[in-house]
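Inspection log for the structure reproduced underneath, given as structure tokens.
Every read-out reported here was derived from the displayed coordinates using simple, explicitly stated rules and does not represent laboratory data. Just so we're clear, the structure is a prediction, and the values are computed from it rather than from any experiment. Quick reminder, even Gly has a Cβ in these numbers, built from the backbone with ideal geometry, and neighbours come from all protein chains shown.
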Ligand SMILES: O=C[C@H](O)[C@H](O)[C@H](O)COP(=O)(O)O
């Protein structure tokens with residue numbers, strides 16, 4: 001089975017969690033977009049929900065799907081966020097931000113009573129870190145911030161190269177908030193909580209892609225005999 005088929009299976013399962021009247025956080029990325037598309041079908045069939053998109057890309061996808069949207073300022077308490085992830089470990093700790101949306105994703109997840117992650121089985125790891133950790137920083141003082149981030153990474157027992165993310169045109173990638181992203185190729189993060197604490201202490205760091213204590217459940221689609229098999233983790 002292709003990763004796309006597995007992502008779609010996880011997204012379809014997540015649509016089943018949505019109830020009439022829910023206030024939803026809508027994640028970002030290829031898996032979350034599949035969820036938005038499938039949710040749109042339900043909305044067009046009469047389901048009443050309202051969503052807060054976690055990126056401009058998701059806003060466009062949700063508008064195209066006909067999902068009514070709101071903002072966190074209008075609707076600061078959400079019932080459920082459905083979002084993808086780049087990695088998930090057995091404690092439901094995540095790496096997110098491969099698509100650059102980590103800041104809004106984390107704000108929306110934190111405003112939600114439940115966050116259910118939808119992933120294909122390849123995203124499951126025992127130890128986070130194989131996927132480069134995105135760290136969102138302000139452009140001002142980039143070199144000083146990068147040096148401080150490198151020191152924070154060392155202090156948490158990690159090591160690896162830091163690179164400024166580039167867009168398809170080769171220019172530095174800018175997030176929806178106008179920030180830069182440093183991708184940290186750490187390979188292994190033995191103590192994600194310690195690294196998270198060290199990173200947030202660096203002036204210039206806006207947010208990082210470690211999501212700890214936010215996901216309440218996960219829907220993992222794995223391939224089994226050519227069919228998707230759904231595995232749920234936590235409360236999903
Ligand atoms: O910034 C992007 C998000 O954190 C995505 O949820 C994450 O990168 C996973 O994306 P995808 O579903 O495309 O693998």
| said: I need 230, 189 ordered by Cβ neighbour count within 10 Å, fewest first. | reply: 230, 189
| Percent RCO, i.e. relative contact order, over segment 107-225, from Cα pairs under 8 Å lying at least 6 residues apart | 43 percent
| field | Neighbour-count ranking [beta-carbon atoms within 10 angstrom, fewest first] of 179, 208 | value | 179, 208
| field | Residue list for segment 86-109, given a label point 7 angstrom along the Cα-to-Cβ vector of residue 22 and an amide N cut-off under 15 Å | value | 109
| query | Per residue of the chain, what 222 nm ellipticity follows from adding -39500 (n - 2.57) for every DSSP H run with n ≥ 4, rounded to the nearest 500? | reply | -9000 deg cm²/dmol
| field | For segment 64-221: span of alpha carbons on each principal axis (Å, largest first) | value | 43, 33, 29
| note | The relative contact order of segment 32-181, taking Cα pairs under 8 Å that sit 6 or more residues apart, comes to a percentage of 20 percent
| task | Just need log10 I(q)/I(0) for segment 1-123 at q = 0.10 Å⁻¹, Debye formula, equal scatterers on the alpha-carbon atoms, no solvent, rounded to two decimals. | result | -0.25
| Candidates 104, 130, 23, ranked by Gaussian network fluctuation over the chain, Cα under 10 Å, top entry | 130
| Extent of segment 133-204 along each principal axis, from alpha carbon coordinates, in Å, largest to smallest? | 34, 24, 19
| For a paramagnetic label modelled at 7 Å from the Cα of residue 188 toward its Cβ, which residues of segment 144-168 fall within the zone defined by backbone nitrogen distances under 18 Å? | 153-161
| If you rank 54, 70, 175 by fewest surrounding Cβ atoms within 10 Å, what's the result? | 70, 175, 54
| What is the helix-to-structure angle for 56-65, meaning the angle in degrees between its Cα long axis and the longest Cα principal axis of the chain, kept from 0 to 90 and rounded to the nearest 10? | 10 degrees
| Linear extension gain, residue 70 paired with residue 230, 0.36 nm per residue minus alpha-carbon span | 54.5 nm
| note | FRET efficiency for residue 154 and residue 122 from the Cβ-Cβ distance with R0 = 30 Å, rounded to 0.05, comes out at 0.55
| remark: Among 74, 41, 63, the residue with the largest mean-square fluctuation in a Gaussian network model of the chain built from Cα contacts under 10 Å is 74
| query | Each label point is 7 Å from the Cα along the Cα-to-Cβ direction; what then is the distance between the points at residue 45 and residue 200, in nm? | reply | 4.0 nm
| query | So in the chain, what percent of DSSP beta bridges are antiparallel if you round to the nearest 5? | reply | 55 percent
| query | In nm, to one decimal, how far is the modelled label at residue 171 from the one at residue 91, with both set 7 Å along Cα→Cβ? | reply | 4.1 nm
| request: Could you tell me how many degrees, from 0 to 90 and to the nearest 10, lie between the Cα long axis of helix 142-155 and the main elongation axis, the longest principal axis, of the Cα atoms of the chain? | output: 90 degrees
